[in-house]
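The values are calculated or read from the model by the stated rules, or taken from the named source; none is laboratory data. This structure is a prediction, so every number in the text was calculated from the model and none was measured. A quick note on method: Cβ atoms are made from the backbone with ideal geometry, for glycine too, and the neighbour counts reach across all protein chains shown.
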Amino acid sequence: MRAARFPQLATLDGDQPRVRPVSPVKVDGFTLYVANLRPYHKTIELAANPRCELCYLDDQHNQVRLTGIAEVISDRAVLQEIWNTNPLLRTYLGSLDNPALIVYRIAPSRVRFMKEWALEYYEVPLE
């Protein structure tokens with residue numbers, strides 16, 4: 001995960017899968033926090049169906065896949081910590097209270113790993 005840094009986020013738009021790169025604003029073990037803007041389409045997709053999957057792929061084609069549910073974070077202390085450690089958010093949004101900002105917490109229900117082209121995933125314990 002450290003080597004890849006930017007996972008691909010898969011969501012559903014009705015019955016159409018959508019995949020896009022995201023830049024986590026906080027990583028706590030396998031739990032990721034992703035900032036988003038309310039007008040973006042993934043906000044609509046996650047509101048309709050918060051089930052999602054993230055896939056990290058490094059330069060050696062090793063994969064880590066995290067399956068989980070995106071939950072909107074409203075805890076001010078967590079948001080403040082994310083805000084304080086992310087200059088890009090501060091530059092573009094100006095204030096933590098910007099109504100366009102939304103932060104998702106994605107805690108995995110399942111984590112799988114596959115070493116380069118091994119063709120078999122291994123379950124990673126969540127504890």
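Details
- Residue within the range 101-113 that is part of a strand (DSSP E or B), among the basic types (Lys, Arg), in contact (Cβ under 8 Å) with a residue 60 or more places away in the chain and out of contact with any helix residue (DSSP H, G or I) (no Cβ under 7 Å at 6 or more places or on another chain) present: yes
- Of all the listed residues (106, 82, 102), the sole one being surrounded by 13 or more Cβ atoms within 10 Å (Cβ to Cβ), under 19 Å from residue 24 (Cα atoms) and touching a Cys at 6+ places or on another chain (Cβ under 9 Å) is 106.
- Condition check for residue 10: touching a residue at least 60 places away in the same chain (Cβ under 8 Å) and touching an Asp or Glu at 6+ places or on another chain (Cβ under 6 Å): no
- Answer residue from the range 27-49, given it is in contact (Cβ under 8 Å) with a residue 40 or more places away in the chain and surrounded by fewer than 15 Cβ atoms within 10 Å (Cβ to Cβ) and is nearest to residue 85 (Cα to Cα) among those: 37
Yes or no, residue by residue, for (1) closer than 24 Å to residue 100 by Cβ; (2) surrounded by fewer than 15 Cβ atoms within 10 Å (Cβ to Cβ); (3) touching a residue at least 24 places away in the same chain (Cβ under 8 Å):
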{"position": "25", "(1), (2), (3)": "yes, no, yes"}
{"position": "54", "(1), (2), (3)": "yes, no, yes"}
{"position": "57", "(1), (2), (3)": "no, no, yes"}
{"position": "72", "(1), (2), (3)": "yes, yes, yes"}
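- Hits in the range 12-71 (condition: in contact with a helix residue (DSSP H, G or I) (Cβ under 8 Å, 6 or more places away or on another chain) and of a type in the set (A, V, I, L, M)): 12, 25, 35, 37, 70
- For the range 47-73, the tally of residues that are outside any strand (DSSP E or B) and in contact with a Leu (Cβ under 9 Å, 6 or more places away or on another chain) stands at 3.
- Residue in the range 115-122 that is at pLDDT 90 or above and either of a type in the set (D, E, K, R) or closer than 19 Å to residue 9 by Cβ (or both) present: no
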